[in-house]
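Peer 1: Pasting a structure here, questions to come.
The values are calculated or read from the model by the stated rules, or taken from the named source; none is laboratory data. Just so it is clear, the structure is predicted and the values come from calculations on it, not from any experiment. Quick reminder, even Gly has a Cβ in these numbers, built from the backbone with ideal geometry, and neighbours come from all protein chains shown. These area figures cover heavy atoms from the full protein model, side chains too; ligands, DNA and RNA do not enter into them. Shrake-Rupley method; radii C 1.70, N 1.55, O 1.52, S 1.80 Å.
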Amino acid sequence: MTIEDFLRLLLRNALLLTISLVLGAGLGYAYSHTKPEAYQASALGFVRGASGGTDPTQGDTTQAQYSKAQFFLPLFNTRAVGEGIVEKLGLEQGPDAVAGSLTASLDPNAPIITVTATAGTPQEASDIANASIETVAAEANELEPGTGDQLVAYQTALAPGPPISPDRRKFALAGAVAGLLLGLLLAWVRNRNDSRVRTVDDIRTTVAVPSLGVLPDSKDFARVKGGLLKDPKSFQAREALRKLRTNLRYADVDDPPRSIVVTSSAPGEGKSTVAANLARVMARAGQRTLLIDADLRRPVEAAQFGVDGSLGLTQLLAGTVSIHDVIQADPRSKLSLIPAGEVPPNPSELLGSRRMHELVTELSREYFVIIDAPPVLAVTDAQLLARHTDGAIIVAVPGRTRVEGISRAVESIRAVGGTVYGAVMNRASANRLTRLAYGDAEYGYSAYGYASKAYSYGYAKGQATGPEAEVEVAEDVLTAPVPATVVPETPRPVTGAPASQGDAGAPRAYTAASSANDPEPQADALTDPVPAAVGDPGDEDDDGEDDDGEALYGPDGRALDVYGQDADPREDSTSGGPHQRRGRRAAAVDPDAASR
């Protein structure tokens, strides 16, 4: 395990580690309350010189006091002193325990003895400390008469404050460390046994299928009230669908798919939402698309599109209705839908029938067919449908889908001779913290504008946004009419004068004769608007000549085509003819259409 893996392990299990830490500290603190409390109190005793003045044999008085103090120190821990304290205070403890709780020390600068007593209560500690000085003096007087009056109480002990033990902070710290270690152990075990799909690398390495796309966890993919699924608005969602569409088109270059099954390994992974949005984005690209709701157990496509689902695939396979009765086309796009219809008692038999196979084969000649199928591991419907189509794509959710589940789903489809084109990661989190902890579902959304405001619809001020601002792709770029949006609204400078027309609304053609015979030019050629397409009203066949065979010419005498452009390839070899110019004008609206 590398340092990066360890840091990700900590971040991934931050909640577990935090709970373990807090719980361990709490248990340690609670355990400290099971220990008996101990209080300490200290009293001071002063050692006086011998009565009657200075003893010449003892030298200096201070030295004599220090020598006598050394005589008193060992007496504090004797059993005789302990018995005297117990007897004087009436304690329940034994003499040895009381004597052992006393600590005596001598001040190096003065003949003062500090005695410290430890007891279970503050009052008892102070009483023992005060009584110990008197008891030691009495015991010394018995051992050596005349010396007892040399030790006197100098400062009595007061009741102490907080107990000196147990140290609750140390117990809490020890518990926190123990809890953190236990949490790390649990996190390691959890990481070792985590079999959920996290990134596309997990799919590639464990399932050995390519990743066709990663759809972000966005509100655009959520159903609104009533189960209606609206068209995604955000750039992140729409661009992810476009990438899915592109990858699906190139899934098999030699034999591009015409019909696919969208399924998942388990319920609740969003396969119906992915199928509906994929059908929309395919139709938006100019391809006739048909979405079939083959989830005859839990159909949702009719509700997602807000259409009547009473008639659908079930009645069509049963032969009670025709294809024209169940197919519902969207007049605004090239998307059509076949709802599931009534929920039958035998959906597997219907979907696996020869009639279903013939239906898919026939419809795939005219449409790109997308079939919403039930989960693979729940029922066998998806396996049966995979045999009728060119292939299947499996939807997985990072952090939810199990590696074993998606592996079994792929194996089940391949076992019946079906093809798995790849997997789609749905609801991939775009949260920065989640990406740091588990890794990016793909390679990070911020790298290509998924988290950037610069790459979004309407980033230019005043620009329209959303799917309604998109331009429909023409069926044939060469023959499609030029949209009015590409016609320049500002006037262009024109040299020469227009030929007079009987009808003011008819397009004006420029000829050499009209330019020479016109006695006056127009008032201002810069403000004279130019028609969108310059031609001759008599030139109905658009061959560059009028019906009388006379060629069209500009004011400078050069030949013009029906679009008012230079028709001489020698003069402008880059014009490419009228059809290519029309293609370039259409490319101004949709660059992808011109490339096709």
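Peer 1: Considering only residues that are more than 21 Å from Pro257 (Cα to Cα), surrounded by 15 or more Cβ atoms within 10 Å (Cβ to Cβ) and aliphatic (A, V, I, L, M), which ones fall in region 322-349?
Peer 2: Answer for region 322-349, where residues must be more than 21 Å from Pro257 (Cα to Cα), surrounded by 15 or more Cβ atoms within 10 Å (Cβ to Cβ) and aliphatic (A, V, I, L, M): Val326, Ile327, Ala340.
Peer 1: Assigned to a loop (DSSP other than H, G, I, E, B) and not aromatic (Phe, Trp, Tyr) - does that describe any residue in region 354-363?
Peer 2: No, region 354-363 contains no residue that is assigned to a loop (DSSP other than H, G, I, E, B) and not aromatic (Phe, Trp, Tyr).
Peer 1: In region 82-104, which residues are within 26 Å of Thr62 (Cβ to Cβ) and open to solvent by less than 60 Å² (accessible area, probe 1.4 Å)?
Peer 2: Of everything in region 82-104, those that are within 26 Å of Thr62 (Cβ to Cβ) and open to solvent by less than 60 Å² (accessible area, probe 1.4 Å) turn out to be Leu102, Ala104.
Peer 1: Now for a different question. Within region 350-386, count every residue that is buried (at least 17 other Cβ atoms within 10 Å of the Cβ) and in contact with a Pro (Cβ under 7 Å, 6 or more places away or on another chain).
Peer 2: Residues meeting the conditions: 4.
Peer 1: Considering every residue within region 107-115, establish whether at least one is over 26 Å from Gln63 (Cβ atoms), polar (S, T, N, Q) and touching a residue at least 24 places away in the same chain (Cβ under 8 Å).
Peer 2: Looking for residues that are over 26 Å from Gln63 (Cβ atoms), polar (S, T, N, Q) and touching a residue at least 24 places away in the same chain (Cβ under 8 Å), one finds none in region 107-115, hence no.
Peer 1: Among the residues of region 229-238, is any in a helix (DSSP H, G or I), open to solvent by less than 10 Å² (accessible area, probe 1.4 Å) and within 30 Å of Asn346 (Cα to Cα)?
Peer 2: Taking every residue of region 229-238 in turn, none turns out to be in a helix (DSSP H, G or I), open to solvent by less than 10 Å² (accessible area, probe 1.4 Å) and within 30 Å of Asn346 (Cα to Cα).
Peer 1: Here are some conditions: (1) assigned to a helix (DSSP H, G or I); (2) closer than 21 Å to Ala99 by Cα; (3) open to solvent by 20 Å² or more (accessible area, probe 1.4 Å). Thr118 meets all but one. Which one does it not meet?
Peer 2: Answer for Thr118: the failing condition is (1).
Peer 1: Still on this structure, please answer the following. Name the residues in region 278-299 that are part of a loop (DSSP other than H, G, I, E, B) and crowded, with 21+ Cβ neighbours inside 10 Å, would you?
Peer 2: Scanning region 278-299 gives Ala294, Asp295, Leu296, Pro299.
Peer 1: Let me ask you something else. Just a yes or no: is a residue in region 211-223 touching a Gly at 6+ places or on another chain (Cβ under 7 Å), within 18 Å of Ala409 (Cα to Cα), open to solvent by less than 70 Å² (accessible area, probe 1.4 Å) and not β-branched (Val, Ile, Thr)?
Peer 2: yes
Peer 1: Follow-up question, since we're still on this one. When the residues of region 130-155 are filtered to those that are crowded, with 19+ Cβ neighbours inside 10 Å and of a type in the set (A, V, I, L, M, F, W, C), which remaining residue is farthest from Leu73 (Cα to Cα)?
Peer 2: Taking the candidates together, the pick is Ala131.
Peer 1: Just a yes or no: is a residue in region 316-325 part of a loop (DSSP other than H, G, I, E, B) and touching a Pro at 6+ places or on another chain (Cβ under 9 Å)?
Peer 2: no
Peer 1: Could you check region 3-53 and list, in sequence order, the residues that are touching a residue at least 40 places away in the same chain (Cβ under 8 Å) and under 30 Å from Ser67 (Cβ atoms)?
Peer 2: Result: Gln40, Ala41, Ser42, Ala43, Leu44, Gly45, Phe46, Val47, Arg48, Gly49, Ala50, Ser51.
Peer 1: From the list Leu102, Leu73, which residue is assigned by the TED database to the domain that holds Leu44, modelled with pLDDT under 90 and out of contact with any Asp or Glu (no Cβ under 7 Å at 6 or more places or on another chain)?
Peer 2: One residue alone meets the criteria, Leu73.
Peer 1: Name every residue in region 26-48 that is in a helix (DSSP H, G or I) and either open to solvent by less than 30 Å² (accessible area, probe 1.4 Å) or within 30 Å of Thr135 (Cβ to Cβ) (or both), in order of residue number.
Peer 2: Those that are in a helix (DSSP H, G or I) and either open to solvent by less than 30 Å² (accessible area, probe 1.4 Å) or within 30 Å of Thr135 (Cβ to Cβ) (or both): Gly28, Ser32.
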